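The values are calculated or read from the model by the stated rules, or taken from the named source; none is laboratory data. Everything quoted here is computed from the prediction, not taken from an experiment. Ideal geometry is used to build each Cβ from the backbone, glycine not excepted, and the neighbour counts take in all protein chains shown. Each accessible area value is taken on the protein alone, full model and side chains, heavy atoms only, with ligands, DNA and RNA left out. Shrake-Rupley method; radii C 1.70, N 1.55, O 1.52, S 1.80 Å.
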Amino acid sequence: MSLRQALDAVRLLDRAGGGEGCRVAIIDTGAAEDASLRGHVNLTNKSITDTEGHGEYVHRIIHRVLPEAEIYLVKVPNPVPDHLFITAIHEAMKWRPHAVNISMGSEMATDGGDPVSIYTDRLASVSVVVCAAGNGGPRPLSVGSPACSRETLAVGAVNMKLRPWSSSSRGPTLDGRFKPDIVAPTGYYLDDLGVRLVGTSFSTPLATSAAALAASILPRPMIVRRLLQLTAQPIPVTLLNLSFIRGQTVSRTSLHRLLRALAFSPDPRNIVGMGLLNAGDTIAEASRLASGG
Amino acid sequence: MVPCIYRIRVEDRFVCGARPPLACTRGVCPFGPTFWERLIKHDTQSHMLWIMPELKIIRASELDLGSLEPGAYIVKSVSLSAGRRRRCRSDRR
């Protein structure tokens, strides 16, 4: 799957190629050398260019989808301590972007009461904050901060066949909320570079682009976040593999396994959230609300 | 397994950071016994701690449970990373 096919899957292809007036902030490990950047803050002692093979691609994806958008970057080291990440959030908030892309996170279970989640919630009052759910799946409780904060949009991943990607982090949060919120494709190729991008870090920029387009039409971050959830396309999830039960007679061992499986059977909303990102419907709905329809 | 952000080691015992100074036990855990059993299987400790909600960061060695304000809770300081990816079955083929 190429980026073009991934954009088509999330109905963003016909919207790509624009983004004029959109402001997108990225908090990541650096920028691509050949993609435009409107402003940046460097919280490391290295150059703004990415050397980790992460922020560069996030920047490229957003630039390809929204070439006319104003892109801002806060470069942070990898890994980044939480107090420095809070500084990055403050810096991003100064630009008042329509959407903020955060493809970084911790894998420590939390209920949204940690400092990073609290500051991210503050940022979410001015921008749509789109966070990668993480690559800690398939174990439950693997969505860490800031994805598990209350007001951010946590993005999980589906594979090229649009089935849940096994390593995409799963909810719930410690206080029992469903996460991720939506999913977007991962494992696509950046055509000219021949690089396959795998992980929720690279499904997140697709959602960020859609969020920025919708928020530039309807500048109400909370409503846009909710629209992204409500317009998502449901994805069928197979919860239990019952292949270990064979024949008519259920043995004691099989019954024991079945009961164990049922006890830890995850809710589909903790795997794929509300479903696959549907950028077309989100933007259409944002336009309708903005025009008072 | 996933470590808990509230399980704080104080000398030779574990305290629930969400309900200090109570010990981290099945009955005290605010998230219930099922989550507690999963959370304690793997634990990592941080050198720095946050005293919340005042957002004050301190060294773990400086923690004084007796001086906490009512309603205060303790959270481990964490690092956020990019690009960490667990290998999945299909990758090992």
Got a number for residues in segment A:264-280 being surrounded by fewer than 17 Cβ atoms within 10 Å (Cβ to Cβ) and over 11 Å from A:PRO172 (Cα atoms)? 3
Among the residues of segment A:39-51, is there at least one that is away from every other protein chain (no Cβ under 11 Å) and among the small types (Gly, Ala, Ser)? yes
Considering only residues that are in a loop (DSSP other than H, G, I, E, B) and either more than 13 Å from chain A (Cβ to nearest Cβ) or buried (at least 19 other Cβ atoms within 10 Å of the Cβ) (or both), which ones fall in segment B:31-42? B:PHE31
Subset of segment B:1-30 (residues that are of a type in the set (A, V, I, L, M, F, W, C), in contact (Cβ under 8 Å) with a residue 12 or more places away in the chain and part of a loop (DSSP other than H, G, I, E, B)): B:MET1, B:VAL2, B:ILE5, B:ALA18, B:CYS24, B:VAL28, B:CYS29
Considering only residues of segment A:90-123 that are surrounded by 24 or more Cβ atoms within 10 Å (Cβ to Cβ) and more than 10 Å from chain B (Cβ to nearest Cβ), which is nearest to B:VAL2 (Cα to Cα)? A:THR120
Being in a loop (DSSP other than H, G, I, E, B) and either loosely packed, with under 15 Cβ neighbours inside 10 Å or in contact with an Asp or Glu (Cβ under 8 Å, 6 or more places away or on another chain) (or both) is the filter here; which residues of segment A:19-43 pass it? A:GLY19, A:GLU20, A:GLY21, A:CYS22, A:THR29, A:GLY30, A:ALA32, A:GLU33, A:ASP34, A:SER36, A:ARG38, A:LEU43
Is there any pair linking a residue in segment A:135-147 that is among the β-branched types (Val, Ile, Thr) to one that is outside any loop (DSSP other than H, G, I, E, B), with Cβ under 7 Å and at least six apart or on different chains, and which? A:VAL143/A:ALA154
(1) over 27 Å from B:TYR73 (Cα atoms); (2) at pLDDT 95 or above; (3) surrounded by 22 or more Cβ atoms within 10 Å (Cβ to Cβ); (4) not acidic (Asp, Glu): which one isn't true of A:SER168, the others all being true? (2)
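For residues in segment A:62-82 being within 14 Å of chain B (Cβ to nearest Cβ) and not in a loop (DSSP other than H, G, I, E, B), which is surrounded by the fewest Cβ atoms within 10 Å (Cβ to Cβ)?
Filtering segment A:62-82 down to residues within 14 Å of chain B (Cβ to nearest Cβ) leaves A:73-82.
Right, trim to not in a loop (DSSP other than H, G, I, E, B) and you get A:73-75, A:80-82.
Numbers: A:LEU73: 29, A:VAL74: 25, A:LYS75: 25, A:VAL80: 26, A:PRO81: 17, A:ASP82: 26.
This residue is A:PRO81.
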Considering (1) open to solvent by 10 Å² or more (accessible area, probe 1.4 Å); (2) of a type in the set (Gly, Ala, Ser); (3) in a strand (DSSP E or B), say which one A:GLY134 fails and leave the rest. (3)
Can you find a residue in segment A:137-145 that is open to solvent by 10 Å² or more (accessible area, probe 1.4 Å), modelled with pLDDT under 95 and under 17 Å from the mean Cα position of the chain (by Cα)? yes
